[in-house]
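These notes concern the structure reproduced below.
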Amino acid sequence: LFTMATEEGAGNVKRQLAKVFEKSIGETVPSEVGVQPLIAASPPNFGDYQCNNAMAIFSKIKGKNSEFRNPRSLGEAIMKNLPQSDMIESCSVAGPGFVNIVLSKTWLAKSVQKMLLEGIHTWAPKLPVKRAVVDFSSPNIAKEMHVGHLRSTIIGDTLARMLEFSGVDVLRRNHVGDWGTQFGMLIEFLFAQFPQWEDDSEIPIQDLEVYAVRYLVCGDLNSEPQTSLPLCFSMGFYKQSKKRFDDDPDFKERAQKAVGGEPKYRKAWAKICEISHYHLVSRISPSLSPPFFLRGVILSVYQGESFYNPYIPRVLEELGSKGLIEESEGARVIKIEGKDIPLIVVKRDGGYNYASTDLAALWYRLNEEKAEWIIYVTDVGQREHFEMFFHAAKLAGWLPGDDIQYPRTSHVGFGLVLGEDGKRFRTRSSEVVRLVDLLDEAKNRSWQALIERGKDKEWTEEELLQTAEAVGYGAVKYADLKNNRLTNYTFNFDQMLSDKVPFVFLFVSLSFLFMVLWEASALQLLGNTAVYLLYAHARICSIIRKSGKSIDELKKGGEIVLAHPDERALGLHLLQFSEIVEEACNNLLPNVLCEYLYNLSEYFTKFYSNCQVVGSPEETSRLLLCEATAVVMRKCFHLLGITPVYKI
Ligand code: ARG
C-alpha cells in the first residue's frame, strides 16, 4: 500500500492538521522546513489524531548540536510552537514524542454545518491525476458472463465512481474478449448449423437475432429467450463447438483459419459482436434499456480486444526496435527478469494473443487517450499476466520504474466467489452461475420479504418494485464490496438478505421508548449488510419526516452543537469521510468505504439511543446532525452503486 500527495482537500482533517504542524515543525527545527507532517488517527483514548514526526526527526538531528535530549522533548517543543488554530482544542505529548491532538468541538460542529450548507462535494478529495482508465467487467463474448465478471463489474464501477467524485476524468472501458481462435470455432460451428448463412452474402441480422440468439443463448431453437437474456453464448453452444473442434481435425483447421480471413467470416463475426454488444451494453446501461440487472452500473464504452488489432504491429515494431523482443521456440517473446517464462507477444503460428492486445491497448490508452492511471479489474488468477506486461511497458520506457509516479498501471485483483460448500460458486447442475439469475433471485427474495411484511397494502406497485430492486441489488453489491477484494467470498443469499428484523420492527414500533431501545439492537442483528445500512438510512429519513420540520428552514437559522460525547463522536466520524474516500481511491479498496459506512450507522445508532432528538431542547441541532448523517450515507451509497431507499 502506498500513499500519495494530494492537493489540499477542504474537508480533509489530516491535511488541515498537517498544515498547522508543518509550521510548527519548521519553526522548531529550521532544517526541517517543508517536511511532510505524519498525521494519523489516534488509537482509542489518545485524542482524535496524532502527529508522529518527533522520532524520525530526532534521529536525523541528534548529535548535531541539537538542544533536544530525546524525541519526547522534541515532541513537546513541536507542541509548544503550534500556531493558534481554531481546529485544535488541546494537545498532549505521549510516549516517545507522539503529539496527541483533541479537535475542537466547535470547529467540528462548524465544519459539519458548512458541508450541509455548501454540499457534500466540498468534501471530495482531490487526486493528483487528471484522467484514468478503469478497465472492468470485460466478459468474453464467446462464453457466458459469470460471477467473476459480476465482481469485476461491481468493483470497477465503484472505483470509477470514487475516482470521478474525486475530480478524475474516468474512461470506463469494457475490454470485451471479442477476438481469437474461439471465434473461428464458433463461426465455423454456426455455419455448420445454419448453412444458409454461409452462402448468403447478407446475413439477415434479424435471423441471427431471432434464431441464433435463441439457439446460442437457450441452447435450442424453439425455446423463448427470457426477457432478461444472458449476454453471450450459452455454454451449451460453446461446449458443442469445442467438442467438434477437439474431435474433428478438418473442422479445427477451418476454424483456426477463420478469424481475420474471408469476408464471410468477418461478416459473421461482426454480426455476433453487434448482437453481443446489444445484449451486453444496452441491457446494462440504464438509459438504453428497461430495468435490467445491473441498474446503475455505467459501462460507457465497449472497446473490446478487436479494437486494438490495428495498433498491434506498430506497437510490436516499437518494442522490437528497442531490442525487447526476441525469438524463442518459434514464438516472439519479451524476457522478464525474475520470471521463468517469457511474455509471448507473437505466437508460433504468427498470430497475436492476449498479451499483444494488452500492450497495444496500454499504448493506446497512454498516447491516444492520455490516461495517467490505468486500472484493470480482474480475478487474481491473472496477476502474472499483468505483472509481466506492466514490466514490459517499464522496459519500453512507457511507464516510470516505480509504482508511485504517473503514468501508472494497477491491477485490481479479486478472489473467487465460493458457494456455501466452500467450492467455486455453481448452480445445482454444476454450471457456472449466471449473473442475471443471481440478481433476479436477490430482487425476488427482497420483494417476497416486503410482501410478507404487508408492504403491498401500504405501497404502490412502483414503490414496491423500486425498493425490492434497491435492496436486492444493493445486497449483492455490498456483500461483494465489503470484503477485502483479494479474499474469496462466500455467496449466501440468506445472510445478505436476512429479513428477521422486520418482525422485530413491527413489534418495537409500538412505543417510542421501545423503539429506541430495541431498534438499535434489532438492527444490529442484521450485521454488516446492505439491508442494515438501507434500514438505518430510511430510519433517519423517517425521524426527520416525523419531526414535521423542514430541513431547509432549519439549515437557514439553526446551528449544530456537539455537546454530548455521542454527538461529538458522530460529528468527528462524519468529518473523516473525505480522508476515507481518498484512502479508498489511493489503495483501490472499496471495502474501506464500506467499513466507514457501517461504522457511521453504528455511531448514529449510539447517538440516537442516548440523545433524544424530537421534542428535546437540542432538537434543531440534532435534526441537522441527522440530516448530515443521511447526506454522507447517501454519498457512500452513491459511490458504492447502491440506490438508497427513504422508507422501509
Ligand atoms: N476478458 C478477460 C477475462 O474475462 C478480462 C479482460 C481484462 N482486461 C484486460 N485489459 N486484460 O478474463
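Let me test this: with uniform point scatterers at the alpha carbons of the stretch 13-103, what is the Debye-based log₁₀ I(q)/I(0) at q = 0.11, 0.15, 0.22 1/Å? The Debye formula, applied to the Cα set alone, gives -0.26, -0.48, -1.05.
Positive end of the dipole of the stretch 13-103 (Cβ unit charges, origin at the Cα centre): among 42, 61, 91, the Cα lying farthest that way belongs to 61.
With K and R counted +1 and D and E -1, the other residues having a Cβ less than 13 Å from that of residue 95 yield a net charge of 0.
Listed by chain and number, the lysines whose C-alpha is less than 19 Å from the C-alpha of residue 477, apart from same-chain residues fewer than 8 away, are 443, 635.
Residue 252 sits among other residues whose Cβ lies under 13 Å from its own Cβ, and their net charge, with Lys and Arg +1 and Asp and Glu -1, is -2. Of the cross-linked pairs 126/546; 60/110; 114/455; 242/264; 114/457, those separated by over 31 Å at the C-alpha level are 126/546; 60/110; 114/455; 114/457.
Normalised by 2.2 N^0.38 Å, with N the number of residues, the alpha-carbon radius of gyration of the stretch 589-648 equals 1.24. From most to least packed by mean Cβ count within 10 Å, the peptides 560-572, 472-484 give 472-484, 560-572. For residue 78, neighbours were defined as the other residues whose beta-carbon sits under 11 Å from its Cβ, and their charges (Lys and Arg +1, Asp and Glu -1) total -1.
A short reminder: the numbers here are calculations on the coordinates, not readings from a lab. Keep in mind the model is a prediction, meaning the values are calculated, not measured. Here the Cβ is made from the backbone with ideal geometry for all residues, glycine too, and neighbour counts use every protein chain on show.
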